[in-house]
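A.B. asks: Provided herewith is a single structure, encoded as structure tokens, for subsequent inquiry.
The values are calculated or read from the model by the stated rules, or taken from the named source; none is laboratory data. What you see is a predicted model, and the numbers here were worked out from it, not measured in a lab. Neighbour counts are summed over all protein chains in view; Cβ atoms, including those assigned to glycine, are modelled from backbone coordinates with ideal geometry.
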Amino acid sequence: MVYDLDVTREHCPMTFVKTTIALNKLQPVDDLNVKVTEAEPLENVPKSATEQGYTVLSVKKTDIAGVYNIEIEK
Amino acid sequence: MRIMSEEKQTKKLSIISFSGDFDKLTAVFTLATGAAAVGYEVNLFFTFWGLDAIKIKQGRSPVGKGFLPKVFGLMMGGLKAAPVSRLNFWGISPKIFRFLMKKNNVATLEELVDAAKELGINFYACEMAMHILGIGKSDLIPEVKEILGVASFLKLSEGGQTLFI
């Protein structure tokens with residue numbers, strides 16, 4: 001199952017803290033799509049997921065300027 | 001805030017939370033949650049006024065055994081009564097900070113504490129400070145893993161980074 005998380009209104013450290021908490025709650029077969037803004041979250045969200053042993057499948061620009069979608073596999 | 005020891009980089013962060021001030025506790029929990037979210041083992045050691053952050057009763061309450069500890073407990077209060085370290089203005093400033101944090105979508109102190117619990121950060125309380133302030137384990141939140149002394153804290157923080165806030 002694929003879950004969505006929007007952290008575009010969050011700031012450090014809650015961008016990657018909320019991502020980690022969401023990932024911890026997922027089942028091993030689940031994926032998480034995280035919407036982030038550029039700069040700090042775009043750098044720290046994939047980094048924190050990788051550090052926790054999860055796989056970042058893709059980082060793509062969305063239709064909204066300055067907003068990216070990060071697809072993470074548990 | 002100062003770095004007490006800086007050995008080779010390991011994935012462990014231990015913080016001695018000494019101050020019960022709102023701003024310093026915010027720094028403690030911001031660093032702790034951020035580190036835990038990137039895979040660090042995080043140990044928080046609460047001592048003296050830092051113990052206010054982990055009391056069950058978050059407002060002003062005469063927590064403690066004996067007259068003087070009860071007076072201290074009532075004057076200091078818990079997490080929701082924490083003053084800011086500068087320009088507290090009789091408790092008005094923490095309310096303004098909470099308003100500004102919410103307005104700017106920055107995590108409040110309470111949200112950071114909740115995140116710390118969810119991330120499985122280790123909470124420890126100082127045995128000596130609890131003894132002075134007449135505080136028992138039943139006065140503290142259930143997430144407190146253990147009551148420790150200096151030797152035990154040094155052992156569990158060994159090989160990581162340690163901060164005193």
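Yes/no matrix, rows are residues, columns are (1) surrounded by 17 or more Cβ atoms within 10 Å (Cβ to Cβ); (2) within 16 Å of B:LYS55 (Cβ to Cβ):
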site: B:VAL71; (1), (2): no, yes
site: B:LEU79; (1), (2): yes, yes
site: B:ARG86; (1), (2): no, no
site: B:SER93; (1), (2): yes, no
site: B:LEU100; (1), (2): no, no
site: B:ASN105; (1), (2): no, no
site: B:GLU110; (1), (2): no, yes
site: B:MET128; (1), (2): no, no
site: B:ILE132; (1), (2): no, yes
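A.B. asks: Also, quick follow-up: Within segment B:21-59, restricting attention to residues that are outside any helix (DSSP H, G or I) and closer than 14 Å to B:ASP139 by Cβ, which residue is modelled with the highest pLDDT? Write out each step before concluding.
C.D. replies: Of all residues in segment B:21-59, those outside any helix (DSSP H, G or I) come to B:21, B:38-47, B:55-59.
When the remaining residues are screened for being closer than 14 Å to B:ASP139 by Cβ, the result is B:46, B:55-59.
Details: B:PHE46: 98, B:LYS55: 95, B:ILE56: 95, B:LYS57: 91, B:GLN58: 89, B:GLY59: 86.
Within segment B:21-59, the match that is modelled with the highest pLDDT is B:PHE46.
A.B. asks: Hey, can you tell me all the residues within segment B:29-65 that are within 12 Å of another protein chain (Cβ to nearest Cβ) and within 25 Å of B:PHE89 (Cβ to Cβ)?
C.D. replies: If the condition is that a residue be within 12 Å of another protein chain (Cβ to nearest Cβ) and within 25 Å of B:PHE89 (Cβ to Cβ), then B:PHE29, B:THR30 are the ones that fit.
A.B. asks: Among what's in segment A:21-40 and is at pLDDT 95 or above and of a type in the set (S, T, N, Q), pick the residue that is nearest to A:VAL56 (Cα to Cα).
C.D. replies: Restricting to residues being at pLDDT 95 or above and of a type in the set (S, T, N, Q), the top hit is A:ASN33.
A.B. asks: State whether one or more residues within segment B:95-103 are part of a loop (DSSP other than H, G, I, E, B) and modelled with pLDDT of 90 or more.
C.D. replies: Restricting attention to segment B:95-103, the residues satisfying the condition of being part of a loop (DSSP other than H, G, I, E, B) are none.
Within segment B:95-103 (the criterion being part of a loop (DSSP other than H, G, I, E, B) and modelled with pLDDT of 90 or more), the answer is no, since none of the residues qualifies.
A.B. asks: Suppose the filter is assigned to a helix (DSSP H, G or I), surrounded by 15 or more Cβ atoms within 10 Å (Cβ to Cβ) and of a type outside the set (Lys, Arg); does B:MET75 pass it?
C.D. replies: Values: assigned to a helix (DSSP H, G or I): yes; surrounded by 15 or more Cβ atoms within 10 Å (Cβ to Cβ): no; of a type outside the set (Lys, Arg): yes.
No, not satisfied.
A.B. asks: Here's another thing I want to ask about it. If A:LYS74 passes every condition in (1) more than 13 Å from the chain's Cα centre (by Cα); (2) at pLDDT below 95; (3) away from chain B (no Cβ under 14 Å) but one, which one does it miss?
C.D. replies: With respect to (1) more than 13 Å from the chain's Cα centre (by Cα); (2) at pLDDT below 95; (3) away from chain B (no Cβ under 14 Å), A:LYS74 is out only on (1).
A.B. asks: Looking at A:VAL45, A:VAL36, which is the one that is among the hydrophobic types (A, V, I, L, M, F, W, C), in contact with a helix residue (DSSP H, G or I) (Cβ under 8 Å, 6 or more places away or on another chain) and more than 11 Å from chain B (Cβ to nearest Cβ)? First the steps, then the outcome.
C.D. replies: Values: A:VAL45 fails: more than 11 Å from chain B (Cβ to nearest Cβ).
Of the residues listed, the single one that is among the hydrophobic types (A, V, I, L, M, F, W, C), in contact with a helix residue (DSSP H, G or I) (Cβ under 8 Å, 6 or more places away or on another chain) and more than 11 Å from chain B (Cβ to nearest Cβ) is A:VAL36.
A.B. asks: Pick from segment A:8-25 the residues that are more than 7 Å from every other protein chain (Cβ to nearest Cβ) and part of a helix (DSSP H, G or I): which of them is surrounded by the fewest Cβ atoms within 10 Å (Cβ to Cβ)?
C.D. replies: Among those residues, the one meeting the criterion is A:LYS25.
A.B. asks: Would you mind stating whether B:ALA53 is without any contact (Cβ under 8 Å) to a residue 24 or more places away in the chain and in contact with a strand residue (DSSP E or B) (Cβ under 7 Å, 6 or more places away or on another chain)? If you could, list the steps in order and put the result at the bottom.
C.D. replies: On the way: without any contact (Cβ under 8 Å) to a residue 24 or more places away in the chain: no; in contact with a strand residue (DSSP E or B) (Cβ under 7 Å, 6 or more places away or on another chain): yes.
Answer is no for this residue.
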